[in-house]
Amino acid sequence: MSAAGATLDELETPALLIDLDALEANLAEMAAVAARAGVRLRPHTKTHKSPEIARLQVAAGAAGITCAKLGEAEVMADAGLDDLLIAFPLVGEDKLRRLTALAERARVRVSLDSVEVAEGLGRVGARLDRNMEVLVEVDTGLHRLGRPPGPPTAELVGQLGRVPGVEVVGLLTHAGHAYRARDPEELRRLAEREVLDLVETAALCRRNGVELREVSVGSTPTARTGAFVEGVTEIRPGTYALNDATMVRLGVATRDRVAVRVLATVVARPTSERFVVDAGSKCFTTDGMGTVPDWLPVAGRPGLHMDFLSEEHGIGHRTDGDDLRIGDRLQLLPSHACTCVNLFDLAYGVRGGRVERELPIAARGKVR
Ligand SMILES: Cc1ncc(COP(=O)(O)O)c(C=O)c1O
């Protein structure tokens, strides 16, 4: 039975809540940024793993979506989303067979950083009798995927141009290192550098005779700056849809724009200071645990502080001026929205203290 219409007090905990007013405001704001900058918005759906929210993003102006994994893209295509970027190197025959089937029913681009992965995609292109469009991932500082910008990437682009069955349409990067920025000035500098690294590399490729039409950048902390740097064609923020305590700490979201919360119940008060709720690392993961004082804030309760998580317990303490009893309910703002949402099958879309609709997290766990 659907929980639509229920009050928050009627929900069993722990429960994942998505505040629909905050969600809609977040989607509209980033869509407006992209429109003002004249770039396409291709949100990353790994944050919410929800086809309903992806459809809201498209309705708000997104030109397509980004997926982390093939399985996530399959779920989104099942729901009718038909312009997909899989921002992950696809390796192995099983994946290539699935990609072929997916590309028969949706427009799919894939990012990669090697000739080996391109050769596999080229075989998919041959089966489909058209080139697979690929974006070449560039390392602008995260040191995850990609070669450095400039000659190392331009050399790879040249090699990829000789792989049959693929077409290199552009460059892509994710400035995940911006999460470590210490202040807004450093964040702004990293965001500009993210785009300039790609634009300069694309110019080098052009001098080498290869025209690239896409410069795809983005993370939530850098997207609002990067969108306005000359040469970018697409931004791919993900976390912006829900936000989290990390975005608040980085100064790119306010607490009232954190759309995702875990509703938890106080199950123990072992000492006058300590309290324990029924949501632990199996609701949040330990991402960010204890790194900064407000890594897991309690909404509307500044006197309550979370200390640590075990699997099913969230342990915190109160300071003077706030108190609570067994049975009280708290809303915790996750440190990292994406890993938190992935732990739930269902989110409750709430407005005005009531569940408006259920949002299945249909692509949760789709790590293949
Ligand atoms: C390739 C890629 N693009 C875009 C994003 C979105 O970044 P954020 O969640 O900071 O918005 C991510 C996040 O991990 C990513 O890996």
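The values are calculated or read from the model by the stated rules, or taken from the named source; none is laboratory data. Treat the numbers as computed from the prediction; the structure is a model and nothing was measured. Note: ideal-geometry Cβ built from the backbone for every residue, glycine included; neighbour counts use all protein chains shown. Remember, those area values only see protein heavy atoms, side chains included, never the ligands or the DNA or RNA. Shrake-Rupley method; radii C 1.70, N 1.55, O 1.52, S 1.80 Å.
Name the long-range amide H neighbours of residue 40: under 5 Å, sequence gap of 5 or more, or other chain; modelled H, no Pro or chain starts.
Amide H to amide H, under 5 Å and 5 or more residues apart or across chains, residue 40 pairs with 234, 235.
Once you have the Kirkwood Rh of the chain from its Cα pairs, apply Stokes-Einstein at 37 °C and 0.692 mPa s and quote D in µm²/s. Mind dumping the intermediate values first?
On the way: Rh = 21.4 Å.
Rounded, D is 153 µm²/s.
What does the highest-first list of 337-344, 125-132 look like by mean Cβ count within 10 Å?
Those peptides, ordered most packed to least, come out 337-344, 125-132.
Could you tell me what percent of the accessible area of the chain is made up of carbon and sulfur, with a 1.4 Å probe and every protein chain present?
50 percent
Hey, can you find the accessible area per residue of region 40-113 for me, probe 1.4 Å, expressed in square angstrom?
Accessible surface, normalised per residue, equals 33 Å².
Where both residues lie in the chain, what percent of DSSP beta bridges are antiparallel, nearest 5?
Details: 27 of 57 bridges.
Taking every DSSP beta bridge with both residues in the chain, the antiparallel ones total about 45 percent.
May I ask you to give the average projected area over all directions of the convex hull of the Cα atoms of region 4-97, in nm² rounded to one decimal?
If I average the Cα hull's projected area over directions, I get 8.1 nm².
Just to confirm a number: summing +1 for Lys and Arg and -1 for Asp and Glu over residues other than residue 189 whose beta-carbon lies under 15 angstrom from that of residue 189, what do you get? Numbers along the way, then the final one.
Working: positive: 180, 182, 188, 193, 224; negative: 183, 185, 186, 192, 194, 197.
With Lys, Arg at +1 and Asp, Glu at -1, the net is -1.
Given a 1.4 angstrom probe, what's the average accessible area per residue across region 323-368, in square angstrom?
It amounts to 47 Å² per residue over region 323-368.
For every other residue with a beta carbon closer than 15 angstrom to the beta carbon of residue 121, add +1 if it is Lys or Arg and -1 if Asp or Glu, then tell me the sum. Spell out each step's value before the answer.
Values: positive: 95, 97, 98, 107, 109, 123, 127, 130, 162; negative: 93, 94, 104, 113, 116, 119, 129, 133, 137, 167.
Neighbourhood net charge equals -1.
Given the protein chains as shown and a 1.4 Å probe, how many square angstrom of residue 65 are accessible, to the nearest 10?
It works out to around 0 Å².
Could you tell me the ratio Rg/Rh of region 108-168? Both radii from Cα atoms, Rh via Kirkwood.
Working: Rg = 11.5 Å, Rh = 11.6 Å.
Result for region 108-168 is an Rg/Rh of 0.99.
Residue by residue through region 20-37, which ³J(HN,Hα) values in whole Hz follow from phi under the Karplus form 6.51 cos²θ - 1.76 cosθ + 1.60 (θ = phi - 60°), with glycine and proline marked x?
Ordered by residue, 3J(HN,Hα) equals 5, 4, 5, 4, 4, 5, 5, 5, 5, 5, 6, 5, 5, 4, 5, 5, 5, 7 Hz.
Can you pull out the GluC sites (Glu not before Pro) in region 1-43 that DSSP calls coil and that have at most 12 other Cβ atoms within 10 Å? Let's see the in-between values first.
Numbers: sites: 10, 12, 24, 29; in loops: 12.
Hits after loop and neighbour filter: 12.
Near residue 44, within a Cβ-to-Cβ distance under 11 Å, what is the net charge of the other residues, with Lys and Arg +1 and Asp and Glu -1?
So the surrounding residues net to +3.
Averaged per residue, what accessible surface does region 173-217 expose to a 1.4 Å probe, in Å²? Spell out each step's value before the answer.
Numbers: 2330 Å² over 45 residues.
I get 52 Å² per residue for region 173-217.
So what are the ³J(HN,Hα) numbers for region 188-197, from phi and the Karplus equation (6.51, -1.76, 1.60; θ = phi - 60°), rounded to whole Hz, Gly and Pro as x?
5, 5, 5, 5, 5, 5, 3, 6, 4, 4
How big is D, in µm² s⁻¹, for region 42-161 by Stokes-Einstein at 10 °C and 1.306 mPa s if Rh is the Kirkwood radius over C-alpha pairs?
Translational diffusion coefficient: 107 µm²/s.
Which residues' amide hydrogens lie under 5 Å from the amide hydrogen of residue 259, considering only partners 5 or more residues apart or on another chain, with H built in the peptide plane?
Those qualifying (amide H under 5 Å, at least 5 residues apart or on another chain) are 243.
If you count, for each residue, the other Cβ atoms within 10 Å and average over each peptide, how do 117-124, 171-178 line up from highest to lowest?
171-178, 117-124
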